Amino acid sequence: MNRVTFRYVKGQPIPEHVIRALVFTGKVGFLSFDIWESCFAVGSDRWKSMQFEYLKQEGYFANHRNPEASSTHVLGPRGKDILDEVSGTIVTSPPVGHLTHDGVVAKSIQKLESENLIYSWVGERQLKRDGVKEYLISTKEDVLKYPDSVFKIHAFDKQRIVAFEYERERKALSRYRAILWQYASLTNVSMVLFVYEKPNIKTTIEAAMKYLGQTALTDRLAFADAAAWKKDPLTAPIQLGGSVIELGKICLPKTLKKAA
C-alpha cells in the first residue's frame, strides 16, 4: 500500500485502518457498519460509531443510494480521491438483494487478510468488470459467471489459488453440473471451496460431481459449513477429498514467508 500520509481537511493524519477500509470498500463495492466495526474500526463502540459518522460527513463514505440498504455505505468523493492516489480498485456496488451474500464473502476475505493468510485477492465484481478469462466459469445466456472471490495462499510449500463460492440457497443439479465442469478445466485453481448454508446444498454438489465422474476437479473440491466458516474462517473445518484441513493451520502467513 502507498506509504503517503493522507490528511483530513483540518490537517490530522488519516489513520491506517481508515485507508484500509477505503481500499476494501473500493474492491467490494460497499461497506456495512458491521464490517467497519468488526474488521477495521478501533476503540470503544461509541468511538467507532462517531468516527464513521465523521467519515461520512467529510465525504469519505456515503450512504447507499437505495434506502432499503440503510446500513450499507459506498465510497464518497474524498474516498475515491484517496483510492485514485493509491491506484486502488473501484467497483460498483452490488444490487441490494446481493448485499447479504456479498457481505459474508467480504467479511470472510477481510478476516483472512487481517491475519496475513491471503497474499492477494479479487472479488467477483472486479473479475466481471475486467473480463478476466482465466477464472471465467460460465457465459450462459451471455451472463458472465465467476467465483465469488479468488485468493492466493501459501500452503503445503507453494502458493495456491483458491476459488471461493458462498452458497446461501441450493441451485439446480444441472447448474452445479455445468459449474463443476467448468471448474474442472481451470487447472490454475488449486482448490474450489464451497461454503454452504444448508446440508442439501452440499449433497447436491456432491451428486453433480458424481455425475461428472472422475475429473481433474475431484481432488480439488472442498466444502465448509457456513456456520463454522462465518464464526471463524481460520478454524472452520474444510473437507478436502478424504482429509479435513483448517486454513489457519496449513497457511503460511505473509509475515513469516518474508522473514524466511
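Points to keep in mind about this one:
- Among the conditions (1) open to solvent by 70 Å² or more (accessible area, probe 1.4 Å); (2) under 21 Å from R129 (Cα atoms), L75 misses just one, which is (1).
- Qualifying residues in segment 113-160 (those that are assigned to a strand (DSSP E or B) and more than 24 Å from L234 (Cβ to Cβ)) - the one nearest to the chain's Cα centre (by Cα): K145
- One residue stands out in segment 25-46 among those that are open to solvent by 30 Å² or more (accessible area, probe 1.4 Å) and hydroxyl-bearing (S, T, Y): the one that is farthest from P77 (Cα to Cα), namely S44.
- Counting only residues that are touching a helix residue (DSSP H, G or I) at 6+ places or on another chain (Cβ under 6 Å) and loosely packed, with under 10 Cβ neighbours inside 10 Å, segment 5-24 holds 0 of them.
- Some residue of segment 167-180 being among the β-branched types (V, I, T) and either in contact with a strand residue (DSSP E or B) (Cβ under 6 Å, 6 or more places away or on another chain) or open to solvent by 20 Å² or more (accessible area, probe 1.4 Å) (or both): no
- Of all positions in segment 65-82, at least one carries a residue that is in a helix (DSSP H, G or I) and within 27 Å of E197 (Cα to Cα).
- Number of positions in segment 181-192 that are open to solvent by less than 60 Å² (accessible area, probe 1.4 Å) and either outside any strand (DSSP E or B) or hydroxyl-bearing (S, T, Y) (or both): 6
Results for (1) surrounded by fewer than 19 Cβ atoms within 10 Å (Cβ to Cβ); (2) basic (K, R); (3) out of contact with any helix residue (DSSP H, G or I) (no Cβ under 9 Å at 6 or more places or on another chain), shown as yes or no for each residue.
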position	(1), (2), (3)
K198	yes, yes, no
T203	yes, no, yes
K210	yes, yes, yes
L221	no, no, no
A227	yes, no, yes
K231	yes, yes, yes
V244	yes, no, yes
K249	yes, yes, yes
P253	yes, no, yes
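- Inter-residue pairs, beta-carbon under 6 Å, first assigned to a helix (DSSP H, G or I) and in segment 39-55, second surrounded by 11 or more Cβ atoms within 10 Å (Cβ to Cβ) and not hydrophobic (A, V, I, L, M, F, W, C), 6+ apart: C39/Q110; F40/H17; K48/E37
- Contacts under 6 angstrom Cβ, first residue in segment 172-199 being farther than 18 Å from V244 by Cα, partner part of a helix (DSSP H, G or I) and open to solvent by 60 Å² or more (accessible area, probe 1.4 Å), 6 or more apart: R177/Y211
- Verdict on T100 being of a type in the set (S, T, N, Q), surrounded by fewer than 14 Cβ atoms within 10 Å (Cβ to Cβ) and part of a loop (DSSP other than H, G, I, E, B): no
- Residue list for segment 124-158, filter: farther than 21 Å from A178 by Cα and either touching a strand residue (DSSP E or B) at 6+ places or on another chain (Cβ under 6 Å) or acidic (D, E) (or both): D130, F151, K152, I153, A155, D157
The values are calculated or read from the model by the stated rules, or taken from the named source; none is laboratory data. Keep in mind it's a predicted model, so treat the numbers as computed, not measured. We place every Cβ from the backbone using ideal geometry, glycine too, and count neighbours over all the protein chains shown. Side chains included, ligands, DNA and RNA excluded: accessible areas come from the protein's heavy atoms. Shrake-Rupley method; radii C 1.70, N 1.55, O 1.52, S 1.80 Å.
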